[in-house]
Amino acid sequence: MQLPASTLLALVPFYLASFAAAQGSSGSGKTTRYWDCCKPSCGWPKKGNSASPVLTCDKSDRPLNDGGSTKSGCDNGGNAFMCSSQSPWAVNETHSYGWAAVNVAGSNEAAWCCACYELTFTSGPVQGKKLIVQATNTGGDLGNNHFDLAIPGGGVGQFNACTQQYGAPSNGWGDRYGGVHSRSDCDNFPAALKAGCYWRFDWFQGADNPSVSFKQVACPAAITAKSGCVRANDAINESPVGPSSVPTYTP
Ligand SMILES: *[C@@H]1O[C@H](CO)[C@@H](O)[C@H](O)[C@H]1NC(C)=O
């Protein structure tokens, strides 16, 4: 069907409005934690609308810069893994930055790959603190409004490439779901994953799957500088925000 130009123009506001709706996700949700060392799903080309997929690394944690073409370490013989640089870090006492596998109710992977969400914890010792995460992954085992926080030593969960990449025990470090139990369990971690493992017991205060309220925000440049992934229509078209690096705060 051929639509007259005037009709097409009339449709523009609806098109923009639907983008705005996809960009404006907010609500309340749950968190879990994981670190399976696998290539995150937004590391494949053309998952979201970013020019580059999420950066992945080889077995030795070196950036692949392969445009997302390398098979995951979770597929037989694959050599793409999660980069240790995508570990959470504390910006200051009240704010941290990190990454997560995400499922937002009523949305889809194309809309959330590389989008950022400000999570405000609403339970546990971290209540009131904020963690801004970029969605780098999804998961068939995630429910609605679920943020599975990428934390080294947080449990490998369903898949495990950490044995292949770092020689972790066959079910990962600690429990398969939930991971290690105490700060000292991080002491013998691979050097690249230590800081992220400690983060859980320092800034995150050992919180155990706290609930959150969340809203989508423009991605901080310090996050996209590490992931290499910026949405073409990042929230309110002002991406990325802030400096591309922020100092690490030690509690
Ligand atoms: C902590 O960092 C966040 C993110 O950069 C910033 O918005 C906030 O104002 C900072 N808070 C303090 C107390 O410095």
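Laboratory data are not the source of any read-out in this text; all were calculated from the coordinates shown. The structure presented is a predicted model; accordingly, all values stated were derived computationally and were not measured. Reconstructed Cβ throughout: ideal geometry from the backbone, glycine too, with neighbour counts over all protein chains shown.
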Query raised in the report: Considering amide H positions built from the backbone, and no H for Pro or chain starts, which residues 5 or more places from Gly242, or on another chain, come under 5 Å of its amide H?
Result: Ala221
Query - Separation between Cα centres of the stretch 50-88 and the stretch 187-208, rounded to whole Å - result: 22
Query raised in the report: Hey, what do the phi angles of the stretch 41-53 turn into as Karplus ³J(HN,Hα) couplings, whole Hz, using 6.51/-1.76/1.60 and θ = phi - 60°, x for Gly and Pro?
Result: 4, 6, x, 7, x, 6, 7, x, 10, 8, 5, 10, x
Query raised in the report: Which value in Å is the Kirkwood Rh of the stretch 20-99 over different Cα pairs?
Result: 14.4
Report task. Just the number, please: Stokes-Einstein D of the chain in µm²/s, Kirkwood Rh from C-alpha pairs, 4 °C, 1.567 mPa s. Result -> 70
Report task. Would you kindly state the longest site-free stretch of the chain, with sites defined as trypsin sites (Lys or Arg not before Pro) in a DSSP loop (not H, G, I, E, B) surrounded by at most 13 other Cβ atoms within 10 Å? Result -> 72-251
Report task. Compute the Rg to Rh ratio over the stretch 45-189 from the alpha carbon atoms, using the Kirkwood formula for Rh, and round to two decimal places. Result -> 0.95
Requested in this report: Working from the alpha-carbon coordinates of the stretch 136-202, get Rg over Rh, Rh being the Kirkwood radius.
Outcome: 0.96
Query raised in the report: Quick one: if the Förster radius is 41 Å, what FRET efficiency do Ser213 and Ala191 give, using the C-beta to C-beta distance and rounding to 0.05?
Result: 0.70
Requested in this report: With +1 on each Lys and Arg Cβ and -1 on each Asp and Glu Cβ, and nothing else charged, work out how big the dipole of the stretch 51-159 is about its Cα centre, in Debye to the nearest 20.
Outcome: 120
Query raised in the report: Percent of alpha carbon pairs in the stretch 107-251 separated by more than 18 Å?
Result: 62
Query raised in the report: For the stretch 168-224, what is Rg from Cα atoms divided by 2.2 N^0.38 Å, rounded to two decimals?
Result: 1.37
Report summary line: In nanometres, the difference between 0.36 nm per residue of separation and the alpha-carbon distance of Ser69 and Ser245 is 60.6 nm
